[in-house]
Amino acid sequence: MQSTRSHRLLLSLTRRFLTNRTAGQASPPPLWARGAANAATEEHTTHFGFQTVRESEKEQKVHQVFEQVAQSYDMMNDALSLGIHRVWKDIFVERLGPVHGMRLLDMAGGTGDITFRYLRYLANQPNPKQRLSHVTVSDINQHMLDVGEERAKRLGLTADKLPNSTIAWKCADAEKLPFESDSYTAYTIAFGVRNVTRVDKVLAEAYRVLQPGGRFMCLEFSHLTNETMQWLYDQYSFQLIPPMGQLLAGQWQAYQYLVESIRRFPKQEQFKQMIQEAGFEQVSYENLTFGMVSIHSGFKL
């Protein structure tokens, strides 16, 4: 009998101990739930030049780079392109072939290089029906847009001085455009797509805002088709461009990133496939200067 009472007392004390120990404590989630929670808190990574960073970090890092180089942007392009980026941009706009009545979204267009060429091209074309054309210059960096607007004023390319053309400046993220679907007939992005966090999102947004029949065009640094020339360009890029950035603009790290970002960008065929996967058709590319840059084109059909 005494043994039975002792056994019951031991059971009672054990229950109380366990009840007090677990009071106010949540039960641990099952293993499958713990795995899902861990996956939810893990953040995707991407590249910033040759560095691996969280996706949430890249936008801010790129923003800082272009804040630093906004005032010396043309000089930066001269360094990266051996001075021939102006010729590439001329060819790019010629390939676009602007026509009166076009509505262009010039993404990552901050300082206005493509937009100004577009407006001049239209000004040299007859417009007997007086069709109204438009361009929205958009960039994620307001500093770049400020430089572009100042240049537009100096060049006399402002809305009040443009015949049958309007221009708007809009700070926006290429991955989350604030524009309505099917609202533009052409979308250009020059030397900008390699700096975004998610290229697939940029392409999807470009497809969304274009009207059926609209054209996507991208001008971007690429990969040379000749190995010897690629090696020589690599030596120039990595050995000379960052020191030049330091000497000319006081910006070594910014120029180092820009060189690295070129090498991390997909090769021509890979980027062509990405454009196709976004839904574009009749996708093609044209190499300029042995592939130092490429013009990519696709249509929303």
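The values are calculated or read from the model by the stated rules, or taken from the named source; none is laboratory data. Here the structure is a predicted model, which means the values were calculated and not measured. Cβ placement follows ideal geometry from the backbone for every residue including glycine, while neighbour counts extend to all protein chains displayed. SASA here: full protein model, heavy atoms, side chains in, ligands and nucleic acids out. Shrake-Rupley method; radii C 1.70, N 1.55, O 1.52, S 1.80 Å.
Listing for the model above:
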| quantity | calculated |
| --- | --- |
| Computed Rg/Rh of segment 70-146, alpha carbon atoms with Kirkwood Rh | 1.01 |
| Relative contact order [Cα under 8 Å, 6+ residues apart], segment 152-232, whole percent | 30 percent |
| DSSP-assigned coil residues among trypsin sites (Lys or Arg not before Pro) in segment 127-207, each with at most 11 further Cβ atoms within 10 Å | 129 |
| Protection proxy ranking of 89-99, 180-190 - average other beta-carbon atoms within 10 Å, highest first | 180-190, 89-99 |
| Viscosity 1.306 mPa s, 10 °C: Kirkwood-radius Stokes-Einstein D of segment 238-295 over Cα pairs, µm²/s | 119 µm²/s |
| For segment 96-237: relative contact order, % (alpha-carbon pairs under 8 angstrom, 6 or more apart) | 25 percent |
| Stokes-Einstein D (µm²/s) once Rh is taken as the Kirkwood radius of segment 94-135 over alpha-carbon pairs, at 10 °C in 1.306 mPa s | 148 µm²/s |
| Heavy atoms of residue 117 accessible to a 1.4 Å probe, total area in Å² rounded to 10 | 50 Å² |
| Length-normalised contact order for segment 197-280 - Cα pairs under 8 Å, 6+ apart - percent | 38 percent |
| Over 23 Å between alpha carbons, listed pairs 129/300; 89/170; 153/201 | 129/300; 153/201 |
